[in-house]
Amino acid sequence: MSEESATPDLVELTRQGIDAGNRRDLDAVMSLYAPDAVSESLDGLGFAWAITWEHGLAVHYIAGMDIDAVRAAAERLAEERG
């Protein structure tokens with residue numbers, strides 16, 4: 001019996017996400033996320049954003065130059081959802 005990891009290959013998932021993004025295939029990108037994910041990102045220029053998803057739809061979008069405030073808002077949203 002082969003021993004396969006239950007943990008997804010993060011490198012492969014990242015490649016799939018980048019490839020899907022380059023194809024502008026939003027459905028493929030979204031298929032990599034949990035249906036109720038909270039994601040956050042920094043753009044490298046000091047701009048931050050956070051998105052809360054429900055059933056594959058963005059329901060909250062928070063963006064701004066105050067990275068700590070955006071992160072705190074994302075954490076609050078995640079806590080509210082349990």
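Around the amide H of residue 60, modelled in the peptide plane, lie the amide H atoms of 52, all under 5 Å away and 5 or more residues distant in sequence or on another chain. The phi torsions of the stretch 15-23, fed into the Karplus equation with coefficients 6.51, -1.76 and 1.60 and a -60° offset, translate into couplings of 4, 4, x, 5, 4, 5, x, 5, 7 Hz, rounded to whole numbers, with Gly and Pro shown as x. In a reduced charge model with +1 at each Lys and Arg Cβ and -1 at each Asp and Glu Cβ, the chain shows a dipole moment near 280 debye about its Cα centre.
Shown here for the stretch 15-55: chymotrypsin sites (Phe, Trp or Tyr not before Pro) in loop regions (DSSP other than H, G, I, E, B) with at most 14 other Cβ atoms within 10 Å, namely 33, 47. Against the chain, whose longest principal axis is taken from its Cα atoms, helix 67-81 shows a tilt of about 70°.
Against the set [x] 6.2; [y] 8.7; [z] 7.3, the structure's computed mean projected area of the Cα convex hull in nm² falls on [z].
Specify which residue in the list 37, 10, 60 is farthest towards the positive end of the charge dipole of the chain, using unit charges on the beta carbon of Lys, Arg (+1) and Asp, Glu (-1), about the Cα centre. Farthest along the dipole direction, towards plus: 60. Exposed loop sites, defined as GluC sites (Glu not before Pro) outside DSSP H, G, I, E and B with at most 13 other Cβ atoms within 10 Å, are absent from the longest region of the chain, namely 5-82.
Coupling constants for the stretch 53-63 follow from the phi torsions by the Karplus curve (6.51 cos²θ - 1.76 cosθ + 1.60, θ = phi - 60°), and in residue order they are 10, 9, 6, x, 10, 6, 10, 9, 10, 10, 9 Hz; glycine and proline get x.
Laboratory data are not the source of any read-out in this text; all were calculated from the coordinates shown. Remember, it's a predicted structure, so these values are computed and weren't measured experimentally. Here Cβ is always computed from backbone atoms with ideal geometry, including for glycine, and neighbour counts include all displayed protein chains.
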